[in-house]
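**Student:** Have a look at this one before I ask anything.
Rule-based calculations on the coordinates, nothing more; no lab input. Just so we're clear, the structure is a prediction, and the values are computed from it rather than from any experiment. Don't worry about glycine lacking a Cβ; one is built from the backbone with ideal geometry, like all the others, and counts go over all protein chains shown.
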Amino acid sequence: MILVGAETVTLPSGIWTGEDHHREIELCPVRGKDVEELSQMLRPKPLAARATHLLSRCVCRLGSMEGVTAEMMRSLTVGDREAILLALRKLTLGNRIDCVLKCPAAVCGEQMDLELSVDALLLDPYGDVRSEYEVRLERGDKGYLVRFRLPTGADQERAAVLLEKGGQERATDFLLHQCIREVALDDRAADAAPLEEWPAFISRTMPGIMAEHDPQAEVMLDVTCPACGQRFQTLFDTASYFFSELGCNSEQLYREVHRLALHYKWSEADILSMSVPKRRLYLNLLEESFASGGDHEQFPG
C-alpha cells in the first residue's frame, strides 16, 4: 500500500532479523495528533524516549515489516534514528533550517544567524554495514580483539536515565558495557580467550571507534564567527531542535485547533489529522484574511 505524503528513506545502517537486513523505511509527515501526544504524554520523559514515540508513529514501514512498533525504533542505531529525524523534519517542515548560535569566545559572545539544510546534514548510507564489528587494538606488546555493536535507541534511553541520576561517567560506562560484546587477547598461537575485565585504554578508545562506524549519530557543525573570526564546532541536536520547531505545547496546539474549528467548522479530529504544514498553511491564510479586514465579523481573533 502506498501512503499519500509518504517518503521512502534508506537508513545508514538498518537492522537485521535473522539473515534479513532491513534498511529501507517509509516515512509519513508529523500530524497534529502526534504533536498532541508528545506535549501531553511524554513531557517528563527523556528526549530519546520522546524521539522513539514520534518515530514509531511516523515510520509506517521498516523493510518488509509493517506494523512498526516502538521496540523496532529502539533497536535502530543512533545514526539511523538521527537520519530518520532529519528526513522527517524535511518532510514535515522543509529542507531549510534557520537557527541562531552564540559565539563561544569569552571576548565575543556574538549571536549569529545560521542557515542549514537537511540535505547537507544527511550522510549517504554507509558502505560496509554489519550487525557487529571487530577491531584490533594494541597496547605495548599486547594486542586485543574487540567485538562490538553500535549504540541503539534503547541504549540512548537507558543512558539518559543514568546521566540524570549518576552523571556522564556512569552513562558512558553503561553504553560501553552494552555495546562491547567481547574483548580478548589477540594471541595468534592460540584461540583468543575472552577477558572478564578489559584494560582502561579500551574504554577510552572505543567511543571514538564507534563514532567512526556511525558518523550520522552526531551531527557536528563547523562554524566561523563573522564578528571575531573564531572557528568552532558545535553539536546540532536534531530531536531537540525539531521538537522545538513543532511547538510541542498543548496550550498552543489547542489554540490553533480552536481557531480553525471556529472559522472552518472542522472537527478536532479532522484538524489534528492534518500534517503540521497544512495546519499552519490554513492558519497563515486566516491571518492574511484578518489583516486585510475581510473576516473580522466571522472570527473575533
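**Student:** Just Arg23, Arg181, Arg81 to compare: in a GNM of the chain, with alpha carbon springs under 10 Å, which one fluctuates most?
**Tutor:** For the chain, modelled as a Gaussian network with Cα springs under 10 Å, the answer is Arg181.
**Student:** Filter the trypsin sites (Lys or Arg not before Pro) in the stretch 122-155 to those in DSSP coil with at most 15 other Cβ atoms within 10 Å of their Cβ, and list the result. Numbers along the way, then the final one.
**Tutor:** On the way: sites: Arg130, Arg136, Arg139, Lys142, Arg147, Arg149; in loops: Arg130, Arg149.
For trypsin sites (Lys or Arg not before Pro) across the stretch 122-155 that sit outside H, G, I, E and B with at most 15 neighbouring Cβ atoms in 10 Å, the list reads Arg130.
**Student:** Using mean Cβ contacts within 10 Å as the protection proxy, how do 197-208, 25-36 order, highest first? Don't skip to the end; give the middle numbers.
**Tutor:** On the way: 197-208: 13.7, 25-36: 20.8.
Result, highest mean Cβ count within 10 Å first: 25-36, 197-208.
**Student:** Kindly express, to the nearest 10 degrees and within the range 0 to 90, the angle between helix 78-93's C-alpha long axis and the longest C-alpha principal axis of the chain.
**Tutor:** 20 degrees
**Student:** If each residue of separation counts as 0.36 nm, what is the full-extension length gain between Cys99 and Glu132 once their alpha-carbon separation is subtracted? Don't skip to the answer; put the middle values down first.
**Tutor:** Numbers: separation 33, 0.36 × 33 = 11.88 nm, distance 3.65 nm.
So the extension gain works out to 8.2 nm.
**Student:** Show me 253-263, 159-169 ranked by packing, highest mean number of other Cβ atoms within 10 Å first.
**Tutor:** Numbers: 253-263: 16.6, 159-169: 13.3.
Answer by packing, highest mean first, reads 253-263, 159-169.
**Student:** Report the gain in length on full extension from Phe290 to Arg231: 0.36 nm times residue separation, minus Cα-Cα distance, nm rounded to one decimal. Can you show the working numbers first?
**Tutor:** Working: separation 59, 0.36 × 59 = 21.24 nm, distance 4.57 nm.
Gain in length upon complete extension: 16.7 nm.
**Student:** Taking 25 Å as R0, compute the FRET efficiency from the Cβ-Cβ separation of Ser75 and Ala120 and round it to 0.05. Walk me through the intermediate numbers first.
**Tutor:** Numbers: r = 28 Å, r/R0 = 1.12.
Using R0 = 25 Å, I get an efficiency of 0.35.
**Student:** A further question on this structure: Provide the gained length on full extension for the span Leu47 to Ala200, in nm with one decimal, where the gain is 0.36 nm per separating residue minus the Cα-Cα distance.
**Tutor:** On the way: separation 153, 0.36 × 153 = 55.08 nm, distance 3.00 nm.
That pair, Leu47 and Ala200, stretches by 52.1 nm at full extension.
**Student:** What whole number of Å gives the distance from the Cα centroid of the stretch 252-289 to the Cα centroid of the stretch 45-96?
**Tutor:** Going from one Cα centre to the other spans 25 Å.
**Student:** Under 8 Å for C-alpha pairs, at least 6 residues apart: give me the relative contact order for the chain, rounded to a whole percent.
**Tutor:** Values: 418 pairs, mean separation 59.8, N = 301.
Relative contact order here is 20 percent.
**Student:** Give, as a single signed number, the net charge of other residues whose beta carbon lies under 10 Å from the beta carbon of Ala6, with Lys and Arg counted +1 and Asp and Glu -1. Show your work: numbers first, answer last.
**Tutor:** Details: positive: Arg61; negative: Glu7, Glu26.
Taking every Cβ under 10 Å from that of Ala6, the sum is -1.
**Student:** Which FRET efficiency value, to the nearest 0.05, is calculated for Arg147 and Glu66 with the Förster distance at 35 angstrom and r the Cβ-Cβ distance?
**Tutor:** 0.60
**Student:** Same structure, new question: Which label marks the calculated value of Rg/Rh (Cα atoms, Kirkwood Rh), given the options [x] 1.01; [y] 1.05; [z] 1.10?
**Tutor:** Among [x] 1.01; [y] 1.05; [z] 1.10, the one derived from this structure is [y].
**Student:** What number, rounded to the nearest 500 deg cm²/dmol, is the helix-based mean residue ellipticity at 222 nm of the chain, given -39500 (n - 2.57) per DSSP H run of at least four residues and division by all its residues? Present the calculation step by step, with values, prior to reporting the outcome.
**Tutor:** On the way: 12 runs with 133 residues, N = 301.
Counting only the DSSP helices, I get -13500 deg cm²/dmol.
**Student:** Also, quick follow-up: Using the charge dipole of the chain (Lys, Arg: +1 at Cβ; Asp, Glu: -1 at Cβ; taken about the Cα centre), state which of Ile15, Ser131, Val276 has its Cα farthest towards the positive end.
**Tutor:** Val276
**Student:** If you don't mind, another one. Can you give the angle from 0 to 90° between the axis of helix 250-264 and the longest principal axis of the chain, with both taken from C-alpha atoms, to the nearest 10?
**Tutor:** That helix lies at roughly 40 degrees to the long axis.
**Student:** What FRET efficiency comes out for Tyr241 versus Glu182 if R0 is 30 angstrom and r is the Cβ-Cβ distance? Round to the nearest 0.05. All intermediate terms of the calculation are to be shown ahead of the outcome.
**Tutor:** Working: r = 37 Å, r/R0 = 1.24.
Efficiency for this residue pair is about 0.20.
**Student:** Right, something else. Quick one: which of 112-124, 45-57 comes out on top by average Cβ neighbours within 10 Å, and what's the full order, highest first?
**Tutor:** Numbers: 112-124: 13.3, 45-57: 20.0.
Descending mean neighbour count gives 45-57, 112-124.
**Student:** Additional query: Helix 153-166 sits at what angle to the longest principal axis of the chain, using alpha carbons and giving 0 to 90 degrees rounded to 10?
**Tutor:** Here the helix axis deviates by roughly 90 degrees.
**Student:** Considering the options Thr172, His258, Leu145, tell which one lies farthest towards the positive end of the dipole of the chain, charges being +1 on Lys and Arg and -1 on Asp and Glu at the Cβ, about the Cα centre.
**Tutor:** Value computed over the given set: His258.
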